[in-house]
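As structure tokens, the structure follows; a few thoughts come after it.
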Amino acid sequence: MNGKMRPLALVTGASGGIGAELARALARDGHDLVLAARGVVAMEELAAELRREGSDVIVIGSDLSQPDGVATLIADIAGRALEIDVLINNAGLGAAGRFVANDAARIDEIMQVNIVALTQLTRALLPGMIARGRGRVMLVASVAAFQPGPRMAVYFASKAYVLSLGEALSYELRGTGVTVTTLCPGATATKFFEVAGADHSLMAKKLRRMMRADRVAQIGYRALKAGRRVVITGLVNTIMSFGGRYAPHRLTLPVTDMLMSGD
Ligand SMILES: NC(=O)c1ccc[n+]([C@@H]2O[C@H](COP(=O)([O-])OP(=O)(O)OC[C@H]3O[C@@H](n4cnc5c(N)ncnc54)[C@H](OP(=O)(O)O)[C@@H]3O)[C@@H](O)[C@H]2O)c1
């Protein structure tokens with residue numbers, strides 16, 4: 001808290017989708033907010049909505065795909081003398097298609113946003129939380145974290161990294177007053193599939209009913225508040241994750257390849 005009674009939460013990827021809904025959930029539960037993403041116009045609209053409901057909200061235009069993206073964001077937060085009590089590492093993206101057909105720059109962008117920025121931001125903000133003896137961190141992974149994913153290989157691998165990091169940090173931080181929760185959504189109705197070029201995949205179009213982003217945020221926020229280590233959104237996704245983790249990969253590889261293929 002920054003000399004106020006209300007905790008302050010930083011949400012990355014708050015310009016839409018799951019991040020915007022997590023910001024709404026945090027605001028409803030008495031948080032002030034720092035919203036960070038590239039889409040400043042969308043975040044300003046969200047900020048106006050949340051301010052009407054009583055939250056103080058700061059919008060920071062931030063491109064986490066840039067090598068200095070996190071340093072710039074942290075400098076901005078430090079320059080305003082803000083203390084972050086809750087960190088939501090939500091910004092992320094994927095790219096559909098065979099690895100060798102993926103644009104090399106796009107692969108860099110995925111690794112930078114999903115892995116590097118998430119790690120740097122967590123490393124930058126955890127010491128302050130530990131010193132204050134309280135804090136909540138969320139890493140947004142995916143059910144994709146539980147298995148390899150042909151036709152979206154880098155994305156699936158990046159989320160396996162996020163899950164592994166989150167679980168280890170949760171364990172390391174026992175007894176500090178700081179918790180780390182890894183949220184693993186399944187297919188969710190956001191711009192994700194469109195941005196990834198996967199909106200024609202069987203996964204996006206035919207086989208799955210997508211969960212609403214506000215429902216994902218509700219489940220995630222409840223788990224964050226409870227300090228849970230890992231949360232998977234819903235029973236079907238829990239079963240899929242179990243299958244992804246424990247079924248032989250010689251079976252899950254072709255199934256995932258088919259789900260990620262177009263019609
Ligand atoms: N939707 C799903 O099916 C699904 C399933 C499992 C996990 N997830 C995960 O959930 C998280 C949120 O995704 P979503 O579904 O809400 O998709 P989305 O609607 O596409 O939102 C992605 C968010 O990430 C931000 N972002 C992307 N590149 C960025 C960059 N270079 N710098 C800063 N922010 C950036 C976007 O903001 P700007 O474009 O404005 O920068 C946007 O706010 C991601 O980590 C995603 O991997 C999604």
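The residues of the stretch 104-141 that are among the polar types (S, T, N, Q) and in contact with a Gly (Cβ under 8 Å, 6 or more places away or on another chain), listed by number, are GLN112, ASN114.
Selection of first residues in the stretch 181-200 that are of a type in the set (Lys, Arg) and of second residues that are modelled with pLDDT of 90 or more and in a loop (DSSP other than H, G, I, E, B), restricted to Cβ pairs under 8 Å at least 6 apart or on distinct chains, gives the following pairs, ordered by first then second residue: LYS191/GLY16.
Summed over the stretch 1-47, the residues that are within 13 Å of the ligand (Cβ to nearest atom), assigned to a helix (DSSP H, G or I), free of Cβ contacts under 8 Å to residues at least 60 places away in the same chain and not hydrophobic (A, V, I, L, M, F, W, C) give a count of 2.
Here the strands (runs of 3 or more DSSP E) wholly within the stretch 129-243 that include at least 1 residues being of a type in the set (Ser, Thr, Tyr) and surrounded by 18 or more Cβ atoms within 10 Å (Cβ to Cβ) are 178-184. Checked against the criterion of being modelled with pLDDT of 95 or more and in contact with a strand residue (DSSP E or B) (Cβ under 6 Å, 6 or more places away or on another chain), the candidates VAL154, VAL178 yield just one match: VAL178. Selection of the stretch 88-119 for residues being buried (at least 19 other Cβ atoms within 10 Å of the Cβ), within 14 Å of the ligand (Cβ to nearest atom) and of a type in the set (S, T, N, Q) yields ASN89, ASN90, GLN112, ASN114. Among the residues that make up the stretch 48-63, is at least one of them near the ligand (Cβ under 10 Å from one of its atoms) and closer than 20 Å to TYR155 by Cα? Checked the stretch 48-63: at least one residue is near the ligand (Cβ under 10 Å from one of its atoms) and closer than 20 Å to TYR155 by Cα.
In the stretch 101-117, is there at least one residue being touching a residue at least 60 places away in the same chain (Cβ under 8 Å), closer than 19 Å to THR182 by Cα and assigned to a helix (DSSP H, G or I)?
Residues of the stretch 101-117 touching a residue at least 60 places away in the same chain (Cβ under 8 Å): 117.
If we keep only those that are closer than 19 Å to THR182 by Cα too, we end up with 117.
Next cut, assigned to a helix (DSSP H, G or I) only: 117.
Checked against the condition, which is being touching a residue at least 60 places away in the same chain (Cβ under 8 Å), closer than 19 Å to THR182 by Cα and assigned to a helix (DSSP H, G or I), the stretch 101-117 yields at least one hit.
Taken over the stretch 204-263, residues that are touching a helix residue (DSSP H, G or I) at 6+ places or on another chain (Cβ under 7 Å), under 27 Å from THR181 (Cα atoms) and of a type in the set (A, V, I, L, M, F, W, C) amount to 8.
Which of the residues belonging to the stretch 131-148 are within 16 Å of the ligand (Cβ to nearest atom) and more than 19 Å from GLY234 (Cβ to Cβ)?
Taking the stretch 131-148 as the starting set, the residues that turn out to be within 16 Å of the ligand (Cβ to nearest atom) are 137-148.
Within the stretch 131-148, VAL137, PRO148 meet the criteria.
Taking the criterion of being under 18 Å from the mean Cα position of the chain (by Cα) and under 14 Å from LEU8 (Cβ atoms), the residues of the stretch 34-58 that qualify are VAL34, LEU35, ALA36.
Check the stretch 121-129 and report whether any residue there is more than 29 Å from MET211 (Cα to Cα) and small (Gly, Ala, Ser). Even if it seems obvious, please write down each step before you answer.
Of the residues in the stretch 121-129, the ones more than 29 Å from MET211 (Cα to Cα) are 123-129.
Still in the running and small (Gly, Ala, Ser): 124, 128.
Within the stretch 121-129, one or more residues are more than 29 Å from MET211 (Cα to Cα) and small (Gly, Ala, Ser).
Out of all the residues in the stretch 181-199, is one or more among the charged types (D, E, K, R) and farther than 22 Å from GLY17 by Cα? Even if it seems obvious, please write down each step before you answer.
We begin by selecting, within the stretch 181-199, every residue among the charged types (D, E, K, R); these are 191, 194, 199.
Pick out the ones that are also farther than 22 Å from GLY17 by Cα and you get none.
No, because not a single residue in the stretch 181-199 is among the charged types (D, E, K, R) and farther than 22 Å from GLY17 by Cα.
Just so you know, in the stretch 150-194 the residues that are β-branched (Val, Ile, Thr) and within 15 Å of the chain's Cα centre (by Cα) include one that is farthest from the ligand (Cβ to nearest atom), and it is VAL180.
The values are calculated or read from the model by the stated rules, or taken from the named source; none is laboratory data. Since this is a predicted model, take the numbers as computed values, not measurements. Glycine also receives a Cβ, built like all others from the backbone with ideal geometry; neighbour counts cover every protein chain displayed.
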